[in-house]
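Colleague: A single structure is presented below for examination.
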Number of protein chains: 2
Amino acid sequence: MTKARTNPGRPPAAHVHPRDVRLITALTALADPVRLVIVRELASSTDWDRTCGSFDVPVGKAALSHHFTVLREAGLIEQRDEGARRVNRLRREEFGDRFPGLLDFVLSEERV
Amino acid sequence: MTKARTNPGRPPAAHVHPRDVRLITALTALADPVRLVIVRELASSTDWDRTCGSFDVPVGKAALSHHFTVLREAGLIEQRDEGARRVNRLRREEFGDRFPGLLDFVLSEERV
């Protein structure tokens, strides 16, 4: 029997494509300091390099998990499981197609 | 004795200039369907033409008053009292100087 690469107790994360995201949902997802840090750190990282625990944010595991759900449901991030690790990428291109300029604007703002 | 033009029982609205507004505050203010309607209707109206009661939004007086406070505190609108009427304008230029492109993006989005 081969050992499964994915964690058997954990369902894969549900995603929403940016094309199906409403403006309010996108703005709400970005209107949070923790989520802005995640989005900014992902923007300066290679796709799939960052695990969920690798972000410099002052929140516990349950809150962090909620933030990732909000980001997925706004079409901002994609996640996949690699063994016990869940890794992330920013959906910069698809999100940019749906909301031209919004992510670039948010990433260009120095102040939170 | 002359009759005062302003309503004596009502203090003038407190404002925040866009230059003093944080990105999160601006995004939060825009991430609401009622406030988006107000912002869009103001964008297509002449400055100071619109009273607070003139917007096509499905909320009561207390909720509406809260929405105007959020918009003022995000530097999005300016209000002044003309007799018993409180009238509004969108701070399009000042807000655009602080957050270039954000308001234009939101106004250009057809879907809420």
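Colleague: Please determine whether any residue of the range A:86-96 is under 24 Å from A:Arg22 (Cβ atoms), surrounded by 13 or more Cβ atoms within 10 Å (Cβ to Cβ), of a type in the set (A, V, I, L, M, F, W, C) and out of contact with any Phe, Trp or Tyr (no Cβ under 8 Å at 6 or more places or on another chain).
Modeller: There is at least one residue in the range A:86-96 that is under 24 Å from A:Arg22 (Cβ atoms), surrounded by 13 or more Cβ atoms within 10 Å (Cβ to Cβ), of a type in the set (A, V, I, L, M, F, W, C) and out of contact with any Phe, Trp or Tyr (no Cβ under 8 Å at 6 or more places or on another chain).
Colleague: Here's something else I'd like to know. Please find, within the range B:45-101, the residue that is farthest from A:Glu109 (Cα to Cα) out of those that are β-branched (Val, Ile, Thr) and out of contact with any helix residue (DSSP H, G or I) (no Cβ under 6 Å at 6 or more places or on another chain).
Modeller: It comes out as B:Thr51.
Colleague: Continuing with the same structure: Working carefully through the options B:Thr6, B:Thr25, find the one that is at pLDDT 95 or above and of a type in the set (Val, Ile, Thr).
Modeller: Matching residue, one of B:Thr6, B:Thr25: B:Thr25.
Colleague: With respect to B:Arg80, determine if the residue is surrounded by fewer than 18 Cβ atoms within 10 Å (Cβ to Cβ), more than 12 Å from chain A (Cβ to nearest Cβ) and either in contact with a Pro (Cβ under 6 Å, 6 or more places away or on another chain) or in contact (Cβ under 8 Å) with a residue 40 or more places away in the chain (or both).
Modeller: Considered against the rule, which asks whether it is surrounded by fewer than 18 Cβ atoms within 10 Å (Cβ to Cβ), more than 12 Å from chain A (Cβ to nearest Cβ) and either in contact with a Pro (Cβ under 6 Å, 6 or more places away or on another chain) or in contact (Cβ under 8 Å) with a residue 40 or more places away in the chain (or both), B:Arg80 comes out as yes.
Colleague: Further question on the same structure: Any residue that is of a type in the set (A, V, I, L, M, F, W, C), part of a strand (DSSP E or B), more than 14 Å from chain A (Cβ to nearest Cβ) and surrounded by 14 or more Cβ atoms within 10 Å (Cβ to Cβ) - is there at least one of those in the range B:37-52?
Modeller: Checked against the condition, which is being of a type in the set (A, V, I, L, M, F, W, C), part of a strand (DSSP E or B), more than 14 Å from chain A (Cβ to nearest Cβ) and surrounded by 14 or more Cβ atoms within 10 Å (Cβ to Cβ), the range B:37-52 yields no hits at all.
Colleague: Scan the range A:12-30 for residues that are within 10 Å of chain B (Cβ to nearest Cβ) and among the hydrophobic types (A, V, I, L, M, F, W, C) and jot them down.
Modeller: Once the filter is applied, which keeps residues that are within 10 Å of chain B (Cβ to nearest Cβ) and among the hydrophobic types (A, V, I, L, M, F, W, C), the range A:12-30 yields A:Val21, A:Leu23, A:Ile24, A:Ala26, A:Leu27, A:Ala29, A:Leu30.
Colleague: Next up: Modelled with pLDDT of 95 or more, touching a strand residue (DSSP E or B) at 6+ places or on another chain (Cβ under 7 Å), assigned to a helix (DSSP H, G or I) and among the charged types (D, E, K, R), is that true of A:Arg72?
Modeller: It is true that A:Arg72 is modelled with pLDDT of 95 or more, touching a strand residue (DSSP E or B) at 6+ places or on another chain (Cβ under 7 Å), assigned to a helix (DSSP H, G or I) and among the charged types (D, E, K, R).
The values are calculated or read from the model by the stated rules, or taken from the named source; none is laboratory data. Computed from a predicted structure; not experimentally measured. Methodologically, a virtual Cβ is constructed for each residue, glycine included, from the backbone with ideal geometry; neighbour enumeration extends over all protein chains shown.
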